[in-house]
Amino acid sequence: MADSKVVREWLTKADDDFNFARINLEEDNKFYSQICFHFQQSAEKYLKAYISAYDLEFEKIHNLVALLKICGKRDVSLLSLMEQCELLNTAYIDTRYPVHWPTDYSKEKAQKMRDAAGKIAQTVKEILEKGGIKL
């Protein structure tokens, strides 16, 4: 198992992204695409915390589905988060670059992404705690 300090660093960065997006959403700031991006980033970092915790194959990628599959090699129950990862994956490119397809970053979509990222956070943290990692 990896150094728990490194895992906590990943979790801290993930929590920072999550809370930044959550607070902006709660304050009704209308930067919905940026809010969604930070929810995607938080999910990515929660998954990378898990990967780091168990010394799994660490890839410098941003695809949440691919990262989840790496996590699923150790704990297949994590694959139950596939729907959340698929939703959040859409916020990586569309929110940062001009795209030539329709996008819909509304308050409602940001709320769905908040819920998806929150479920990933909760699940990963519970598994890490059960595995003896002090958060």
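Each reported figure results from applying straightforward, stated rules to the coordinates on display, with no laboratory input. For clarity, every value in this text was computed on a predicted model and none was experimentally measured. Note: ideal-geometry Cβ built from the backbone for every residue, glycine included; neighbour counts use all protein chains shown.
Could you list all residues from region 35-82 that are among the aromatic types (Phe, Trp, Tyr) and within 16 Å of VAL6 (Cα to Cα)?
Scanning region 35-82 gives TYR46, TYR50, TYR54, PHE58.
State whether one or more residues within region 101-110 are more than 22 Å from ALA21 (Cβ to Cβ), in a helix (DSSP H, G or I) and over 16 Å from the mean Cα position of the chain (by Cα).
Checked against the condition, which is being more than 22 Å from ALA21 (Cβ to Cβ), in a helix (DSSP H, G or I) and over 16 Å from the mean Cα position of the chain (by Cα), region 101-110 yields no hits at all.
Against the conditions (1) without any contact (Cβ under 8 Å) to a residue 12 or more places away in the chain; (2) acidic (Asp, Glu); (3) closer than 14 Å to ILE120 by Cα, where does ASP17 fall short? Just the number, please.
Of (1) without any contact (Cβ under 8 Å) to a residue 12 or more places away in the chain; (2) acidic (Asp, Glu); (3) closer than 14 Å to ILE120 by Cα, only one is false for ASP17: (1).
So how many residues does region 91-135 have that are hydrophobic (A, V, I, L, M, F, W, C) and surrounded by fewer than 17 Cβ atoms within 10 Å (Cβ to Cβ)?
4
For region 6-28: of the residues being over 18 Å from TYR54 (Cα atoms) and out of contact with any helix residue (DSSP H, G or I) (no Cβ under 7 Å at 6 or more places or on another chain), which is surrounded by the most Cβ atoms within 10 Å (Cβ to Cβ)?
Only one residue fits best here, namely ASP15.
Quick check on my filter: what residues within region 52-71 are farther than 20 Å from LEU87 by Cβ, in contact with an Asp or Glu (Cβ under 9 Å, 6 or more places away or on another chain) and assigned to a helix (DSSP H, G or I)?
Matches in region 52-71: SER52 only.
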